[in-house]
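Engineer: The structure follows.
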Amino acid sequence: MASIDRNFEFATNGTVSAASLHNLIDSATIFQGLITDREPTTTVGTEYQMLIADATNANAAPNSVTVYDLFEDALTAGTYSNANISEALTYGTATGTRLVSTNATITTGTITTAVIPALTSSTATFGTTTSTAATITSGTITNLASTTGTIATLNSTTGTIATLNSTTGTIATLNSTTGTIGNFTTTLTGDVTISTGSATVGTRVAVVDTAQEYTRCHNFNATALTITSGTVSWNLAENQVATLEVTTNSTMDTPTNPQAGATYVLIVTQGTGGNNTLSYSTAYKFSGGDAPVLSTGSAEVDVLSFISDGTVLYGVASQNFS
């Protein structure tokens, strides 16, 4: 409450001057009970009013201001170097970029949408991480999946990528030095090139320049050749082991795509009724200069084996398998 100095004296039945009243008011004291004895307000609306003094005019009376205007002007006009906010901070509508910190450490939380120029983790394990330019120096990527996106450069030095799966996207450069890629699945549209170093493969992969022992059968698909107008064509690139049923007198045409050092096998079966002949172009040569005469009995089988010098097929015949 306000208290007026009771020791201030006026003359009995005297005249009170304006100056005396001013002195009396100037000496008034406001006690805290004037505020604490009031009924407290538990909620404050934006239009509630407060009294605020003008610091530039010490003699002026306080002016009223709404709570909204107080915080609107004070928060936007000033810079606050230290603010301790213990409760959750809720943003309104913002059109610009909110910069929380230039060096922020997020131990537990979810980043829904953000642009992260550099993402570095030493101990954290990320669930789903989306970034236009992420650098993970040490850590574990459990699953990296690209469906339609493009990964320009994927570089792993000491980390582990458990599964790398790309279906229709493009991985421009995949570079792993000492890391491990557990499972790599891709459909190649080009070549795989190892420019330096050597490749170490498991027992299920054949290496062209390494001696290997096969523990399971490996074979060529035996494909059937056909007779067209008495002539038989043989594409050696597609039919390294071929079969032929001779149903009419026929001639083996010059084979295409022979490879020096390659071996080829032709299994000839005499057709129904037998007595069909088979002659050969000059690209076929046999021991002694004489081409073998087919076995004449119906369903009898002759096996012709060849080795090529890149132009000529040199052959021997094993006949009359019946």
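Read the figures in this text as sums done on the coordinates, not as results from a lab. Note that the structure is a prediction, hence the values are computed from the model and not measured. Every residue, glycine as well, gets a Cβ built from its backbone with ideal geometry; the counts of neighbours run over all protein chains shown.
Engineer: Taking the beta-carbon count within 10 Å as an exposure proxy, list LEU174, LEU75 from fewest neighbours to most.
Structural biologist: Fewest-to-most ranking of LEU174, LEU75: LEU75, LEU174.
Engineer: Which order do PHE184, PHE286 fall in if you start with the one that has the fewest other Cβ atoms within 10 Å?
Structural biologist: PHE184, PHE286
Engineer: Find how many whole Å separate the alpha carbon centroid of the range 216-286 from the alpha carbon centroid of the range 160-178.
Structural biologist: The two parts, judged by their Cα centres, are 45 Å apart.
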